[in-house]
Every structure is written in C-alpha cells, then in structure tokens.
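J.: Structure incoming, see below.
The values are calculated or read from the model by the stated rules, or taken from the named source; none is laboratory data. Since the model is a prediction, treat every value here as computed from it, not as a measurement. Glycine also receives a Cβ, built like all others from the backbone with ideal geometry; neighbour counts cover every protein chain displayed.
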Amino acid sequence: MRRAFSLYGHAASVEARKAMSYRADFWINVVLTFFAQLGVMWFLWKAIFAASGQITLGGWDLPGILRYTILVILAGKLVRGPEMASGLSQDIYDGGLSRYLLYPVSYWAFKYAQHVGSLVPSAAQFLLFFLLAPLLPGSVGAFHLQLPHLLMGVLALVLANLLYWLLQLPLQAVAFWADNVWSLSVLLRFISGLLGGAMLPLDLFPEKARAVLELLPFATLFDLPVNALLGRMEAGQWARGMALGMGWCLLLFLASRRLWRAGERGYTGVGI
C-alpha cells in the first residue's frame, strides 16, 4: 500500500513539473485567457444591468455577480483541469493501456494522480489572483473571504474536481467501441458549464428549473464551491450539496467500472 501511494505521489510530481515547465503558456493563460474571459463577462453583465434598469437580478447586484464571475473562471480551471490530459482514451487507441494493466496499482488511481499533478499551474493562478485582488477596479467590490467559507470552498473544489473527472470516465470508455470521443468531452464541457453555474449563477434560472438543476451533478461543479467561497451558502445547504456530490461520485464510479470492464473484455491491446 505504501509503495502504491509513493508511486501515485511520484506520478503527480512528474506531471506537476511537466505542467510548470511551460512558463510562457502559464503566463499566457494567466494574463490573456483570464482577462479576456473576465472582460467579455464584465461588459456583458454591465449591459444586462443597464438594460434591465434594476439594481439586483435574482438576488445579485453588479459587483456581486462580477465577483462570482471571477471566481468561476478561476475555479473552473481547478475543477476541469486539463480535461483528460492524462490520455485515457488515447491509451485505448494506441494500446498503451496494456502496460498499465500489468502494474500492481489501480489504473484509474494512477491516472487521477497524474491529473492532480497537472493542476499545479491552475492552483498557482488561483493563489496569484488572491494576491492581486486588491488591485481590481472598485466596481468589483472587496472579496471578504472568511476562514469557514474558505474551508468550505476548498473542500467543495476538491469534490468538484473528482466529480468532473468521474463524469469523463464513461465518456472515455466509449473509446473501446468508437474511434473518437473528443466530441463527447466538448459536449460535457458545454452542458456542465450551462447547467452547473459556470455561465451564469443558478439563482437566475426559474425556480422550478433550479430545483431540478440542484439535484443534478453539475451544480456541485461550480455553483457549490463558488457560492461557498462567497459566503452565500449556509453550512446545512453546503453539507447537503457535498452529500449529493459524493453520491453522484459513487454512482459514476460504479457505472464507469462496469462500462470499463465490458470494454476491457473486448480490448485486444493492439490499439485501434
């Protein structure tokens, strides 16, 4: 067991060093990607509030929804990560899965360790933002992060990352029978963003729709951790969201294991 955990730690460490070796890519993502996304949403929400003529929409004022947008952009990088950069479907395509099946460790655990290691640039960006947050324009308002809210948010981010990874597992397993699963990953990204609160807070959905969305796994991905960080969530509501997310993790794990076992029975090890 100790050797297995040591191997997982080494895999995460190697992947972290690889991810941080591309310094130009890191700063491009920090500066261009972040501020481009923020700029688009900034002007969009300002236009929406100006056109509505209201101070609040769905319980959000303009500074509040801009703070939500900033945290969603940063949290999204931690939740999604490189999105299967560890190459599960690629292992199936080129036959690389065979060597992992011979290892005395779990294939999924090894790949998830690599996935966690690749999150280091996103974690660095998240930390860098909080160091530079006081320099943001006054219309955003101050981020008053209290320790209980910070702990709730961090735990929710850890769960959200695991849940998003597990959501991809059954899609990656389709590679046992299909030549390309890239489009499925793109579809998951869009649906999770729309229904999970990455594009707009779930509070802005109609009440009946929101009641359904809160039962789906997607609400755990973005709405839960961001609202927890902003202090817009009571401890009981956060606990219910975490319990629901863990329940979805268990269901996805069991469903994915069954699907992968079915695929492995027909796997020849020579690639596609």
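J.: Looking at segment 14-63, which of its residues are of a type in the set (A, V, I, L, M), part of a helix (DSSP H, G or I) and touching a residue at least 12 places away in the same chain (Cβ under 8 Å)?
T.: Keep residues of segment 14-63 that are of a type in the set (A, V, I, L, M), which gives 14, 16, 19-20, 24, 28, 30-32, 36, 38, 40-41, 44, 47-48, 50-51, 55, 57, 62.
From what's left, part of a helix (DSSP H, G or I): 14, 16, 19-20, 24, 28, 30-32, 36, 38, 40-41, 44, 47-48, 50-51, 62.
Scanning segment 14-63 gives Val14, Ala16, Ala19, Met20, Val30, Leu38, Met41, Leu62.
J.: Note down all Cβ pairs under 6 Å where the first residue falls in segment 216-229 and is surrounded by 24 or more Cβ atoms within 10 Å (Cβ to Cβ), the second is of a type in the set (A, V, I, L, M) and part of a loop (DSSP other than H, G, I, E, B), and they're at least six residues apart or on different chains.
T.: From residues that are surrounded by 24 or more Cβ atoms within 10 Å (Cβ to Cβ), the pairs are Phe222/Ala198; Asn227/Met233.
J.: I need the helices (runs of 4 or more DSSP H) fully contained in segment 206-253, keeping only those with at least 1 residues that are at positive phi.
T.: Working: elements: 207-213, 218-221, 223-230.
No helices (runs of 4 or more DSSP H) qualify here.
J.: Is it true that Leu132 is more than 26 Å from Trp248 (Cα to Cα), under 19 Å from the mean Cα position of the chain (by Cα) and exposed (fewer than 14 other Cβ atoms within 10 Å of the Cβ)? Break it down stepwise before answering.
T.: On the way: more than 26 Å from Trp248 (Cα to Cα): yes; under 19 Å from the mean Cα position of the chain (by Cα): no; exposed (fewer than 14 other Cβ atoms within 10 Å of the Cβ): yes.
In short, no.
J.: Can you go through Leu163, Leu128, Leu171, Leu151 and tell me which one is part of a helix (DSSP H, G or I), closer than 30 Å to Leu62 by Cβ and modelled with pLDDT of 90 or more? Break it down into steps so the answer makes sense when it comes.
T.: Numbers: Leu163 fails: closer than 30 Å to Leu62 by Cβ; Leu128 fails: modelled with pLDDT of 90 or more; Leu171 fails: closer than 30 Å to Leu62 by Cβ.
Exactly one residue qualifies, and that residue is Leu151.
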